[in-house]
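Data block below; observations after.
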Amino acid sequence: MKNYALGRLKAGAMNKTEAAYAEHLRLQQIAGAVLWYRFEGVKLRLADNTFYTPDFAVMLDNGQIEIHEVKGARAIFADDAKVKVKVAAEQYPFPVVVAFPIPKSRGGGWEFDRYE
């Protein structure tokens, strides 16, 4: 069995927060706001030997593609992850949306930061 860094799962495996967000996207798809989504469906080159694999590629009902990154909390949205998100948003013709869960004690749901 391979060892992974703390907090990391095997590529293609969702953590609990990503799974909850996939359910959110599924419900958005049923409602008609999302046409398609895929977990770890794209890999973006940001520079030589520097890549970014966002959590979800999402197609909205108007055909626009967005990249969605899911973080467990704002406090753990590390500087290196912020840089990759901002660089991706600058280099590619689609917005990058970072989703943070709202605790159930505050009503649940998601809040979003958008980078374009």
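Each reported figure results from applying straightforward, stated rules to the coordinates on display, with no laboratory input. What you see is a predicted model, and the numbers here were worked out from it, not measured in a lab. With ideal geometry, Cβ positions are generated from the backbone for all residues, glycine too; neighbour counts draw on all protein chains shown.
Take the convex hull of the alpha carbons in the chain; its mean projected area over all directions comes to 8.4 nm².
Classify region 65-116: rounded, prolate or oblate, from the alpha-carbon gyration tensor (a ≥ b ≥ c, eigenvalue square roots; a/c under 1.5 rounded; otherwise prolate if a/b is larger than b/c)?
Oblate, because a/c is 1.5 or more while a/b does not exceed b/c.
Over the residues of the chain, the helix contribution to mean residue ellipticity at 222 nm works out to -8000 deg cm²/dmol, using -39500 (n - 2.57) for each DSSP H run of at least 4. Each residue, A11 and Q64, gets one label point 7 Å from its Cα in the Cβ direction; the gap between the two is 3.1 nm.
Amide H contacts of W36: M59, each under 5 Å away and 5 or more positions distant or on a separate chain (H built 1.01 Å from N in the peptide plane; Pro and chain starts excluded). GNM on the chain, alpha-carbon springs under 10 angstrom: the most fluctuating residue among D61, D48, D80 is D48.
Just F100, F56, F77 to compare: in a GNM of the chain, with alpha carbon springs under 10 Å, which one fluctuates most? The residue with the greatest mean-square fluctuation here is F77.
Taking +1 at the Cβ of each Lys and Arg and -1 at the Cβ of each Asp and Glu, which of A13, A99, A75 sits farthest along the dipole of the chain towards its positive end, judged by Cα position relative to the Cα centre? Of the candidates, A13 comes out farthest on the positive side.
Reported to the nearest whole Å, the Cα centre-to-centre distance from region 91-111 to region 39-90 is 12. Taking all Cα pairs closer than 8 Å and separated by 6 or more residues, the relative contact order of the chain comes to 17 percent. Comparing V87, N62, A22 along the charge dipole axis of region 16-115, the residue lying farthest to the positive side is A22, per the Cβ-charge model. Build a GNM of the chain with springs between Cα atoms under 10 Å apart, and of A13, A75, A89 the one that fluctuates most is A75.
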